[in-house]
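The values are calculated or read from the model by the stated rules, or taken from the named source; none is laboratory data. This structure is a prediction, so every number in the text was calculated from the model and none was measured. Here Cβ is always computed from backbone atoms with ideal geometry, including for glycine, and neighbour counts include all displayed protein chains.
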Amino acid sequence: MDLEEAKEFRERCTQCAAVSWGLTDEGKYYCTSCHNVTERSKEVINTGAIPNTKIQAINRGLKRKRKLEKGWDWYVCEGFQQILYQQAEALKTLGVGPELKNEVLHNFWKRYLQKSKQAYCKNPIYTSGRKATVLEDNPSHSDWDSEPDLLSDFSCPSFVESGTDSQPDGHTPKPFPISKVSQSETASICSGSLDGVEYSLRKEKEIVKMTMPRTLAFCYLSLLWQRETITLSDLLRFVEEGHIPYINAFQHFPEEMKLYGRDKGIFAIESWPTYEDIYKKVIEIAKFLDLPRFPDITEDSYLHPNILCMKYLMEVNLPDEMNDLTCQVVKMTGIGEVDFLTFDPIAKMAKTVKYDVQAVAVIVVVLKLLFLLDDNLEWTLSNIAEKYNEKNKEDKPWFDFRKWYQVMKKSIDEKKQKWEEARAKYLWKSEKPLYHSSIDRAVVYKRREMVVSLQKQFSALVDSAPTVEKKSPSSFQFNWTEGDSARTCFHGHGLQGILKKKGQSLTTKNSLYWLSTQKFCRSYCKHVTTYEESNFSLSYQFIINLFSFLLRIKTSSLHEEVSLIEKILFKRKYGKTKKKSRSRKGRKY
Amino acid sequence: MSDFSEELIRSKTEDDKEESCVFSGTGMSFPWLQKHIGTVETGGKKEKDFAQTTSACLGFIQEALLKHQWQQAADYMHSYFQILEDSDSHKRQAAPEIIWKLGSEILFYHPKSSVETFNTFADRMKNIGVMNYLKISLQHALYLLHHGMLEDANRNLSFHLRTFSLWADEDDYAYNTASQNMFDHSWKTSVNLRALIQTPGVWDPFVKSYVEMLEFYGDQDGAREVLTNYAYDEKFPSNPNAHIYLYNFLKREKAPREKLISVLKILYQIVPSHKLMLEFHRLLRKSEKEDHHKLGLEVLFGVLDFAGCTKNITAWKYLAKYLRQTLMGNHLAWVQEEWKTRKNWWPSFHFSSFWAKSDWKEDKALACEKALVAGILLGKGCRYFRFISKQDDQVLRKKIKQIKKSVKKHSVVNPGL
């Protein structure tokens, strides 16, 4: 820069003691003899007539400040692609087959991009009306690195025979290589991604906008397509336990993908995914993507209620013999039929079955059939079982509801307590803080520094006690083994105490039943029934709380599902309006 | 230092809204509505799990502090610091104070903590937000005092006060470090303190010592002004101690009864179970106004509502005597009014047969007074009275006879019989 501009600065240089100053590009004074840069910047005094050259120079300086951090240019959908990739990898680590990642999820994602007109189509929408001709030029190969194909490749909806060859893994995913294009940005609203600001403002009715919870919906759709042995509640639990990236997944973006400003609202989520919410999104996305009927769920699929019931019975420490009863209920209600279970988004009333909730609801119905759960009969039956067990210590013990209740209550209370503590201690913020704009960047960084130093100080006070190791992911939250005297295992116990002979078959000793819901709501609201705890027996409340905690769903959701199963089972009763709240029914098998 | 956790818990329970279902008149419940009502506070946005985490964490910290589990408290505290980065600016701004209170308490009691750790923590917290600077400095000084580091505390405090005053642009005084004179020293402290006490807050030990000093130097008016300000200024948080200090001062000054009564009236509203209430009762009794007499009865009943005072023989003596006096003065209505809200629970709270036996065993005089009250309020058929009247004790035989007579005469149950 010119010496003339720095004439007014008269101090001596601290390093060479000369008085000969110039101005750097950023407007700071530097010593022309030893090139020592000071922190003093030139103040603009008169804003009146500024020569042209100066304006150009200043402009140059400003332009360079436009992008807060240098890095690749990337689009929001690429960010989501990254995250889906991470999640698919995690699922693979959990034991899911590689086809999920390479074929199923990949295809779903490509279809999404196509449908939302972000890629794979003739005129994808981009910010400021720029054409994405760059994308169309690239050759196609099916891989996560791949450049998008043209529309024609995806006209056939059949995904079952995916003609794509699975590429070897191990490619570190890169975003689409796009040349730098200049954009106009205001300093206050900015984002690391190229279209972050525009993306968050976009509001088109027909297009489903990608969000963090929807990534999980994509994962689940792929799992369902592959009929993998992971239910939605399992998936969400894995997310909670940290086995699948979700909260702060953006931290694993490649170094060059800088995230700030509006990106924060898109990628930095501060809530756990809820079952009900993700479920809705699953259906929404399946409809949006125009997916065909999913592969059949037959009797030997994991997701079939017979099998899921068995799984949950084991998990909740109930006798294996109850499985016969659950199968009976499934058969009677017809919820084990292929057509009922298989997901078909194109069907008129598109719904997918909540497999896990339904299986658990069946178990609740069976418990009601056996024990009535009116805070009375179950304890009476327990007394009988206890007496028998005391007299006949050698035989197979009769299932004692009271003992089971005691064991389960203790275990579930412990688990719940630990879960609550873990939630209270959860650290939400990412290590590298996210800032909104250049203005608050410094503040945000300082805050993080403060928090980290405080945390360090206090972690020194906490004993180096055995830190809870990150649990290895498991489909089961409870494990019961025979012969463990501390925690009785009820799997092998018998139901003789609560069943009685009736001719050739057995029936339950209990011949009464009460319906969880007398009347269903037919109006506009989304719910068919509500769950007001105080209206129900304590045993019922305990059972509902137990299972809803297991699946991490709301008690009202489970109650609703139980009511719906009962509705099918007792169809006749619901046909007429009944005022009685108890119906007599004997179940045979 | 342990006052803080109680203070915090009090404030928490005030803010805690019970999660109840929304009921309509027909007994229907709308749990989904509750969720939406809850969002009115947040302006329609559902509370993020981040907020849930921090509030749950706070709950755990408070619990751990109450149970003196310092290790656990420190563990949760470690996670709580993230509230400093909360996207909600209200919470973010309120955070440093809470963190200071909790953190300082943990560091005060934790076995592994030392003065250095405390100092580091205090210094860090001071740098978050200017408003906190002075408060934290003072409490830091208190901590050092506690550990016998008087000089450190004084130096610390003076330094911080000076820094603060420079920042706040107070040119009321100049701080002269050269002066070692006791008078000078205390005078400077007093001036510093005076400036300090103007700011709203809880400065009990400072106020106390400042007033002591003022009295020592004969400045009664100044002392009165400080105390009145401390007690009555609305900007200051409600603090029962303020009124107690003011009352004691006025008592020393031999202020007129009316004045004393008005001060204690406020204390009565804040802490009806305070032991000064008995003094209050005496003042009211001696007064000439009738509403004071009525209030006197109220106050006595109020004191005995609390579990801490059930064995206070003075209170019972007063009540026994005063009931007789009130009834003789034909103010049955007053007694009935007070008794109306209490007749459902006082009998089992004070006058059960268990208490009869236990009180008689422990303190016969107390039992007698209680018996008299029980007899008057519940009639001579009540358990307590019957038990006591059956007791045969050499010393108290006469007294028991008197009690029987009084009950006969004054019992509310059979008035006039």
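A:Trp428 falls short on exactly one of the conditions (1) of a type in the set (Phe, Trp, Tyr); (2) within 34 Å of the chain's Cα centre (by Cα); (3) in a helix (DSSP H, G or I), and that condition is (3).
In a residue-by-residue description of region A:371-380, the property of being under 19 Å from A:Tyr540 (Cβ atoms) and of a type in the set (Ser, Thr, Tyr) applies to at least one position. Only helices (runs of 4 or more DSSP H) whose full extent lies in region B:301-398 are considered here, and the ones with at least 3 residues that are closer than 26 Å to B:Glu290 by Cα and over 29 Å from the mean Cα position of the chain (by Cα) are B:313-328, B:332-340, B:364-378. Take A:Lys203 and tell me if it is modelled with pLDDT of 80 or more and assigned to a loop (DSSP other than H, G, I, E, B). Against the criterion (modelled with pLDDT of 80 or more and assigned to a loop (DSSP other than H, G, I, E, B)), A:Lys203 does not qualify. The single condition from (1) surrounded by 12 or more Cβ atoms within 10 Å (Cβ to Cβ); (2) in contact with a helix residue (DSSP H, G or I) (Cβ under 9 Å, 6 or more places away or on another chain) that B:Lys361 fails is (1).
Within region A:300-329, the residues that satisfy the criterion of being touching a residue at least 40 places away in the same chain (Cβ under 8 Å) and among the charged types (D, E, K, R) are A:Lys311, A:Glu315, A:Asp320, A:Glu321, A:Asp324.
In this entry, B:Ala122 is excluded by the filter for residues that are modelled with pLDDT of 80 or more, part of a helix (DSSP H, G or I) and within 11 Å of another protein chain (Cβ to nearest Cβ).
With the structure loaded, tell me whether A:Lys470 is surrounded by 17 or more Cβ atoms within 10 Å (Cβ to Cβ) and either over 21 Å from the mean Cα position of the chain (by Cα) or at pLDDT below 90 (or both) or whether it fails that test. For A:Lys470, the condition - surrounded by 17 or more Cβ atoms within 10 Å (Cβ to Cβ) and either over 21 Å from the mean Cα position of the chain (by Cα) or at pLDDT below 90 (or both) - is not met.
Which one is farthest from the other protein chains (Cβ to nearest Cβ), of the residues in region B:63-76 that are within 27 Å of the chain's Cα centre (by Cα) and at negative phi?
Restricting to residues being within 27 Å of the chain's Cα centre (by Cα) and at negative phi, the top hit is B:Leu66.
The set of residues in region A:239-256 that are buried (at least 20 other Cβ atoms within 10 Å of the Cβ) and over 18 Å from the mean Cα position of the chain (by Cα) contains only A:Phe253. Strands (runs of 3 or more DSSP E) fully within region A:477-548 that include at least 2 residues being surrounded by 15 or more Cβ atoms within 10 Å (Cβ to Cβ): A:505-508, A:512-514. Of the residues contained in region A:432-439, none is found to be farther than 30 Å from B:Arg124 by Cα, more than 12 Å from chain B (Cβ to nearest Cβ) and part of a helix (DSSP H, G or I).
Of the residues making up region B:226-241, those that are surrounded by 15 or more Cβ atoms within 10 Å (Cβ to Cβ), part of a helix (DSSP H, G or I) and out of contact with any Asp or Glu (no Cβ under 8 Å at 6 or more places or on another chain) number 7. Scanning region B:41-60 turns up one or more residues that are within 31 Å of the chain's Cα centre (by Cα), more than 9 Å from chain A (Cβ to nearest Cβ) and modelled with pLDDT under 80.
Taken across region A:270-287, residues that are touching a residue at least 12 places away in the same chain (Cβ under 8 Å), within 12 Å of chain B (Cβ to nearest Cβ), closer than 21 Å to A:Val76 by Cα and surrounded by fewer than 22 Cβ atoms within 10 Å (Cβ to Cβ) do occur, with at least one present.
So that you can scan it fast, the table gives a plain yes or no per residue for (1) surrounded by fewer than 19 Cβ atoms within 10 Å (Cβ to Cβ); (2) more than 8 Å from every other protein chain (Cβ to nearest Cβ); (3) part of a helix (DSSP H, G or I):
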residue: B:Ile83; (1), (2), (3): no, yes, yes
residue: B:Pro96; (1), (2), (3): no, yes, yes
residue: B:Ser104; (1), (2), (3): no, yes, yes
residue: B:Lys112; (1), (2), (3): yes, no, no
residue: B:Glu116; (1), (2), (3): yes, yes, yes
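Against the definition (touching a strand residue (DSSP E or B) at 6+ places or on another chain (Cβ under 6 Å), aromatic (Phe, Trp, Tyr) and part of a helix (DSSP H, G or I)), how does A:Tyr388 come out, yes or no? Spelling it out, A:Tyr388 is indeed touching a strand residue (DSSP E or B) at 6+ places or on another chain (Cβ under 6 Å), aromatic (Phe, Trp, Tyr) and part of a helix (DSSP H, G or I). Among the candidates A:Lys403, A:Lys418, the residue that is within 14 Å of chain B (Cβ to nearest Cβ) and at pLDDT 90 or above is uniquely A:Lys418.
Picking from residues in region A:433-449 that are within 23 Å of B:His78 (Cβ to Cβ) and in contact (Cβ under 8 Å) with a residue 12 or more places away in the chain, the one that is surrounded by the fewest Cβ atoms within 10 Å (Cβ to Cβ) is A:Tyr445.
Does B:Gly27 meet the test of being at pLDDT below 90 and within 23 Å of A:Gly265 (Cα to Cα)? When the stated conditions are applied, B:Gly27 does not pass them. Note on region B:260-275: residues that are out of contact with any His (no Cβ under 9 Å at 6 or more places or on another chain), surrounded by 14 or more Cβ atoms within 10 Å (Cβ to Cβ) and in a helix (DSSP H, G or I) amount to 2.
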